Amino acid sequence: MATLPVVGASNGTWGTELNAYLVIQHSTDGTHTNQPTLQVFTGNGTWTKPTNCKKIKVTLVGGGGGGAAGDSAAGGAGGSGGGGGGTAIKYIDVTAITSVAVTIGTGGAGGATTTAPGAAGGSTVWGAVFSVTGGGGGTQGYPGGRGGLGASGDINFRGDSGASEMPTANGIGGNGGGSYLGGGGAGLGGAGSAGDVYGGGGAGGGGGSVYGGGGVGADGICFVEEYY
């Protein structure tokens, strides 16, 4: 194993020097001069291969499901949270590929009227190669929306399911399910909060005197790490 050189941290150049050193050490042919690069898609688009890129690591996250609305009747139950979007990771040789269409799953809408369920989040798709589904929408009371799941990735994760409402005199909405990147929205009295991070499920709305609609799920995302 190579020993890292002592570099000039005191003059602020250590990051540049260390990065350059690591690139050389990780080269397989001794000619690699480009550090890995990153493209991020938060909306539909097309990935175009950079010059000399040979392999990529693609991470897909589906849209979060929307939370259900609470029951506005006296003493009504809160709505459950939407499920978190699933995640899939795949390593791809792009020697013979020039571009790929990317579809980003949108977050599901929250239930807008009393007892209305939330909508499921959309799927995030990498061309015809692999994809991941969004989280399910929350329902009235229970159960919460089920988490989405990756398909055909080298690694596939299911998102967290949304939580059921918290039974009190006036129901409190359940939390939204988290994605691979973090948690969903928090259930409170009144309107449920939206998913916090990419793929997070929206929270359910409160019931009874703290009635509110469900929170919207967060949109999905796609990361493409490019290696040369």
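Between the helical axis of 14-25 and the longest alpha-carbon principal axis of the chain there is an angle of about 70 degrees. For the peptides 190-201, 44-55, 166-177, 120-131, residues were scored by their other Cβ atoms within 10 Å and the scores averaged per peptide; the highest-first order is 190-201, 166-177, 120-131, 44-55. The overall shape of region 22-150, judged from the alpha-carbon gyration tensor, is prolate: a/c is not under 1.5, and a/b is greater than b/c.
Remark: the chain is approximated by an ellipsoid whose semi-axes, taken from the C-alpha gyration tensor as √(5λ), come to 43, 19, 12 Å, largest first. In a Gaussian network model over the chain where Cα atoms closer than 10 Å are linked, find which of 43, 212, 105 has the largest mean-square fluctuation. Sorting by GNM fluctuation, first place goes to 43. Once the Cα-Cα distance is subtracted from the 0.36 nm per residue extended length, the residue 128 to residue 74 segment shows a gain of 14.5 nm. Stretching residue 48 away from residue 96 to a fully extended chain increases their span by 16.0 nm, per 0.36 nm per residue minus the current alpha-carbon distance. By accessible area, using a 1.4 Å probe on protein heavy atoms only, the chain has 57% of its surface on carbon and sulfur.
A 1.4 Å probe run over the chain, with the rest of the protein chains in place, finds 45 Å² accessible per residue.
For the chain, a Gaussian network of Cα nodes joined below 10 Å ranks 58, 132, 40 by mean-square fluctuation, and the top entry is 40.
The values are calculated or read from the model by the stated rules, or taken from the named source; none is laboratory data. All values reported here derive from a predicted model rather than from experimental measurement. Please note: Cβ atoms are built from the backbone with ideal geometry, for glycine as well, and neighbour counts cover all protein chains shown. What goes into the accessible areas is simple: the full protein's heavy atoms, side chains included, and nothing from ligands, DNA or RNA. Shrake-Rupley method; radii C 1.70, N 1.55, O 1.52, S 1.80 Å.
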